[in-house]
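Trainee: Take a look at this one; I'll ask things after.
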Amino acid sequence: MGLFIHYPGDQAVKILLYRLRKLRGLKPKEGKWLIQAQWELARAQLRLRTTARGKMVFGRNPDSAAGPVLEEPELAHGLALAVERAAEHGIFRPKCLVRALALQALLERHGVHGGQVRIGVRMQDAAFHAHAWVEFGEIILGDRPAHVKTFVPVTGAQVRDVV
């Protein structure tokens, strides 16, 4: 739950103190990444709200499916964890597309180029579901591979960074 969600009485203070203790336990670079992740989540949320429907998707070359090689996996996974933590404990609860856009932007900011925001779909209980994540070739960042595998990737489109 976020810091700005109302909790009755002492529970709010306990939750705030717990989160502050967790923040103090982070390494300096992890704290920096967490702040950057929260910023990128807010930017991605704003991009989605202000970009015309359909303007963030463009055609994708199916031959590029192999994708780039992830040369700094520790950095990439650390940044993915920062986005996950900011999304789970930050000022708002972003949907998967916002998280994926934020992670891609954060990776680019740190010189980790070539990740792609991917979108997948599935039918479950007679309902249509879509999901977004970041991929580096076969490597899935910011999500559990087992969860991503439950979706069929949309192969003819890619999400564009419009900012």
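The values are calculated or read from the model by the stated rules, or taken from the named source; none is laboratory data. These numbers were taken from a predicted model, which means no experiment stands behind them. Cβ placement follows ideal geometry from the backbone for every residue including glycine, while neighbour counts extend to all protein chains displayed.
Trainee: Can you say whether A66 is at pLDDT below 90 and not β-branched (V, I, T), as far as the supplied structure shows?
Mentor: Values: at pLDDT below 90: yes; not β-branched (V, I, T): yes.
Spelling it out, A66 is indeed at pLDDT below 90 and not β-branched (V, I, T).
Trainee: Can A130 be described as surrounded by fewer than 23 Cβ atoms within 10 Å (Cβ to Cβ) and of a type in the set (A, V, I, L, M, F, W, C)?
Mentor: yes
Trainee: In segment 105-146, which residues are of a type outside the set (S, T, N, Q), farther than 26 Å from W39 by Cα and without any contact (Cβ under 8 Å) to a residue 60 or more places away in the chain?
Mentor: Scanning segment 105-146 gives V121, R122, M123, D125, A126, A127, F128, H129, A146.
Trainee: Mind listing whichever residues of segment 101-133 are among the aliphatic types (A, V, I, L, M) and in a helix (DSSP H, G or I)? Before the answer, list the steps.
Mentor: Restricting attention to segment 101-133, the residues satisfying the condition of being among the aliphatic types (A, V, I, L, M) are 101-103, 105-107, 112, 117, 119, 121, 123, 126-127, 130, 132.
Scanning segment 101-133 gives L101, A102, L103, A105, L106, L107.
Trainee: All but one of (1) in a loop (DSSP other than H, G, I, E, B); (2) at pLDDT 90 or above; (3) not basic (K, R) hold for V83; which doesn't?
Mentor: Here V83 clears every test but (1).
Trainee: Also, I was wondering about something else. Collect the residues in segment 86-100 that are in a loop (DSSP other than H, G, I, E, B) and more than 27 Å from V154 (Cβ to Cβ), keeping them in residue-number order.
Mentor: Residues satisfying the conditions are G90, I91.
Trainee: Of (1) surrounded by 14 or more Cβ atoms within 10 Å (Cβ to Cβ); (2) modelled with pLDDT under 70; (3) small (G, A, S), A76 satisfies all except one. Which?
Mentor: It is condition (2) that A76 fails.
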